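The values are calculated or read from the model by the stated rules, or taken from the named source; none is laboratory data. Just so it is clear, the structure is predicted and the values come from calculations on it, not from any experiment. Cβ sites come from the backbone with ideal geometry, for glycine too, and all protein chains shown count toward neighbours.
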């Protein structure tokens, strides 16, 4: 995507988020031939509804592109479905006397001018580790949710209407900023009880901001975090908060301040007409290539190239610190590590997992040294 086209796309997204119409200068840059390209990129980043909303606000949808308005209806419908399930979950957890903290999109969308604008692929809720099984039972029996999967820090459940819920028992965000793990482990010390509730909690402003940045950094190190977190940053940075200095203090102690500053800079370039620079353009290229959750190419470039045999070996035998996230029993019984390694290999029987591993091995064999070197320099320059 050339510079002119990307400027138009971000101007339209900004118009949708902030409500301001395009300037005559930006409007003059747009032409209908751009639409297929910017629509494709926006869709890769779960922002097509925003793009269409921006086009509609500025009367740039012609007869041949009117069908795109269905993206707005889909976003509103998704929001209403999730809102309905979110309210049901909160009521059920309150009734069962289980302390919980809503996370991510469920909180962020309330800061937007219109909550449906901030889409989410799921609902994220944090509970105490010791309350996890009780919470699963609550959602399964009270709301008829179906348990689908268990991961290192959450479990996945699905509502009868298909809404996906991730029930977290840990805020772990693995990555190079290791201090972030220690800070996030103290989440329950950085919350306050919500008004008119006995069991629903919310994070302090600075802790919520820290978690958002840490989550961005994790996805960045997995190949890309998409456009949406940068939209969130604009919204969070425009809030009337007395805690901006507290935010930076916490980010500094967690080793994420440099990354946060680079991310804020890019968000202001995209949505506040700030002048770009070389580093921001490099980050932009990485983000736009990565889609919402990163690409295999980006992910391999982040984690450095290895020889094919070494790469396969590193994927088959992951270190204890990471393996115990999958199997907490290793905390007390480290001697079970070989058995759990073998148990993990059986995940390869899943066609999706096997296909992903094959793609990573293929990319690891073909990726250029220049791309790896440039990616490593980028990571260093943004503090990761």
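What the table shows:
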| read-out | value |
| --- | --- |
| Complete set of residues in region 221-234 that are under 15 Å from residue 10 (Cα atoms) and touching a residue at least 60 places away in the same chain (Cβ under 8 Å) | 226, 227, 228, 231, 232, 234 |
| Residue check, residue 61 without any contact (Cβ under 8 Å) to a residue 40 or more places away in the chain and more than 17 Å from residue 7 (Cβ to Cβ) | yes |
| Any hit, region 184-191, residues being within 23 Å of residue 112 (Cβ to Cβ) and surrounded by 16 or more Cβ atoms within 10 Å (Cβ to Cβ) | yes |
| Matching residues, region 251-262, being under 20 Å from the mean Cα position of the chain (by Cα) and surrounded by fewer than 22 Cβ atoms within 10 Å (Cβ to Cβ) | 255, 257, 258, 261, 262 |
| Failed item, numbered, when residue 28 is tested on (1) under 26 Å from the mean Cα position of the chain (by Cα); (2) over 22 Å from residue 233 (Cβ atoms) | (1) |
| Only one of 48, 61, 22, 29 that is touching a helix residue (DSSP H, G or I) at 6+ places or on another chain (Cβ under 6 Å) and closer than 21 Å to residue 229 by Cα | 48 |
| Residue check, residue 124 assigned to a strand (DSSP E or B) and closer than 30 Å to residue 56 by Cβ | yes |
| Within region 20-107, helices (runs of 4 or more DSSP H) holding 1 or more residues that are at pLDDT 90 or above and surrounded by 12 or more Cβ atoms within 10 Å (Cβ to Cβ) | 35-44, 48-57, 70-95 |
| Residues (over 20 Å from residue 301 (Cβ atoms) and either more than 9 Å from the chain's Cα centre (by Cα) or modelled with pLDDT under 85 (or both)) located in region 217-233 | 230, 231, 232, 233 |
| Filtered residue count, region 110-127, keeping only those that are within 17 Å of residue 227 (Cβ to Cβ) and crowded, with 21+ Cβ neighbours inside 10 Å | 1 |
| Qualifying position, being over 16 Å from the mean Cα position of the chain (by Cα) and surrounded by 21 or more Cβ atoms within 10 Å (Cβ to Cβ), among 137, 132, 157, 143 | 157 |
